[in-house]
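First, the structure itself, so that you have it in front of you.
Every number here is computed from the coordinates shown, using simple stated rules; none is lab data. Quantities reported herein were computed from a predicted structural model and do not represent experimental measurements. Cβ placement follows ideal geometry from the backbone for every residue including glycine, while neighbour counts extend to all protein chains displayed.
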Amino acid sequence: MENNRRLALALALVVIVVLLTQFLFPQRRAPVPVTARTPAGAPAGGPAATTAPTAAAATASPTVAAPAGTTTPSPAGTAEPLPPAETITVSGTSAAYDVSSVGASLTTARMLGYNSLAPARLGGGAPVQLTPTGEPILSYRLVVPGDTLPLSRVPFRVSRPSATAVQLDGTTTTRAGAPVAVSIVYSFVPDSFVAHVRGTVQGVTGPAYLLTDLPSTLRITEPDTLEHFTHLAYAYKPATKDAKSVAFSRIDPGERQIVAGPLTWAVAKSKYFLVGALAPNGAGTRGQFTELDLTGGVRTTKLATRAAATLVQQLDNGGFAFDLYAGPQEWRHLHAMGRDFENANPYGGWTQGIVQPFATLVIRALLWMHDSFKLSYGWVLILFGVTVRLILWPLQQGAMRSQLKMQRVQPELQAVQERYKSDPQKLQQEMMKVYAAHGMSPFSALSGCLPMLIPLPIFFALFFVFQNTIEFRGVPFLWLHDISLKDPYYVLPILVAVTQFLMSWIGMRGAPPNPQAQMLTYAMPAMFLFFFINVASGLNLYYLTQNLIMLPQQWLLARERQKAQGKPVVQGTPVRAGSPMRR
């Protein structure tokens, strides 16, 4: 019976690890209010409460700057031609950014150190461009008492305070004809993916809000276009809670979700790149974002390729400020931003509190090994797998020996259960005596499951890390052209299944006959093959290393079991008169 319990527990753990990993951690939906609200901070019942629309009431999708030379209706209803847009480029060693004089929007971000791996027809081979051509990185609107002013219609005067800064000054008018002066300054940090965005608004009386529209999609940069779309998501960080993520696929077309603030940051992200707006370091409640409005985009297929996200920030004495990060999801860069920005990929769903710290430890360990030993990430994963298994070796050894003890004590426990089955109190006392005679406790059986439980957080962490860690992107190893993608020849998944079978087969040597265990010997490799055949080859490499290290340990313990079974007398088992053991 004890063997069957351990078998059932082991099988349950295998099912969790092998079949349900991708389904145990669904991304949560953001809270959906019943009705739209006034932006946080507006006085209830005042002018803003009745006239200033929320982010949700403005427009559902980011506003794209109108092409140069087109005519756009003015607030008064007349058509006025827009002047040709001037594009200002700020380029460094890491990235190049374009700012448009029409709308003061950041229109393009190119990653100079990362080439697109997408098919050639989608721009593959060129430096990564974060958004599709013609779609801005950021665009703005102003909510003032009685009106919403889209800045995409406003021509701005351009000046250059420095080589890395761009200042844009423009004037728009409300429906009532009141002039509103707007000034926006982008200060790009050299050799980084960061810009400080600062602005002032003059001519507004009463509460006013800046609406910042994040990208409605990100450009395809990876060879697997389906995987690109499945990774599209928005993420945000409440001021006092853990970061949350909302996949595009989790927002139905036209569905609106409003996340109440204060919020520290919000991002639009693909598998390896993101665009994020962060409240300035040390900003109080008024400096943080008051809400985030999410809207599902139109779908022409089952794939969710578009959505819309608008950040709302209340003007503080006519001014606003935030930091912009537009670049790769490289852990060191994200961590350097502070404000828990390295958690822009919230791992683990409802187990985030457990998985996220392990993911951080795993990433830091892998980066340290890579930098310290100057090894390719393929060898780093092998070294990491060996290190983890060697650290766990003593515990694994003790747990397996505990299993051997349980196997030896089973005949005595079964005899006691048969003898005292009608007297539960006496049965419990006699069973405790049997455990004590062997130096064991009723909980000794649980220790045999520890080797399966302890590596699980690391395995789950690696599973999530490989989904978004750009350090592994495009890294070749042996026959693998990219360890972040599945093995194109399925060599590693097959080897994982074969080594899993060998471990089970060696582990059964000398064990009592058990039909369920024999069935599991064949079922487990098949389930492992099913799971690993489509996951990152680097994860396959790590797990294969773990299995190879386990094989000699399983063999040594199988020999111990066989030697223990060859002893003439088993401790605590009486030898009957006339038994061959007495001769």
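Here are some conditions: (1) assigned to a strand (DSSP E or B); (2) within 13 Å of the chain's Cα centre (by Cα). Residue 324 meets all but one. Which one does it not meet?
Only one criterion is unmet by residue 324, namely (2).
Of the residues in region 150-205, how many are within 19 Å of residue 326 (Cα to Cα), touching a Pro at 6+ places or on another chain (Cβ under 8 Å) and among the hydrophobic types (A, V, I, L, M, F, W, C)?
2
On to the next question. Can residue 147 be described as crowded, with 19+ Cβ neighbours inside 10 Å and either more than 27 Å from the chain's Cα centre (by Cα) or among the charged types (D, E, K, R) (or both)?
Taking the combined requirement at face value, the residue satisfies it.
When region 364-379 is examined, which residues are found to be assigned to a helix (DSSP H, G or I) and either within 21 Å of residue 544 (Cβ to Cβ) or among the hydroxyl-bearing types (Ser, Thr, Tyr) (or both)?
Looking only at region 364-379, we keep the residues that are assigned to a helix (DSSP H, G or I), and these are 364-373, 377-379.
Once the filter is applied, which keeps residues that are assigned to a helix (DSSP H, G or I) and either within 21 Å of residue 544 (Cβ to Cβ) or among the hydroxyl-bearing types (Ser, Thr, Tyr) (or both), region 364-379 yields 365, 366, 369, 370, 372, 373, 377, 378, 379.
I've got another one for you. When you scan region 150-196, how many residues do you find that are part of a loop (DSSP other than H, G, I, E, B) and either crowded, with 16+ Cβ neighbours inside 10 Å or of a type outside the set (Lys, Arg) (or both)?
Going through region 150-196 one residue at a time, the tally reaches 12.
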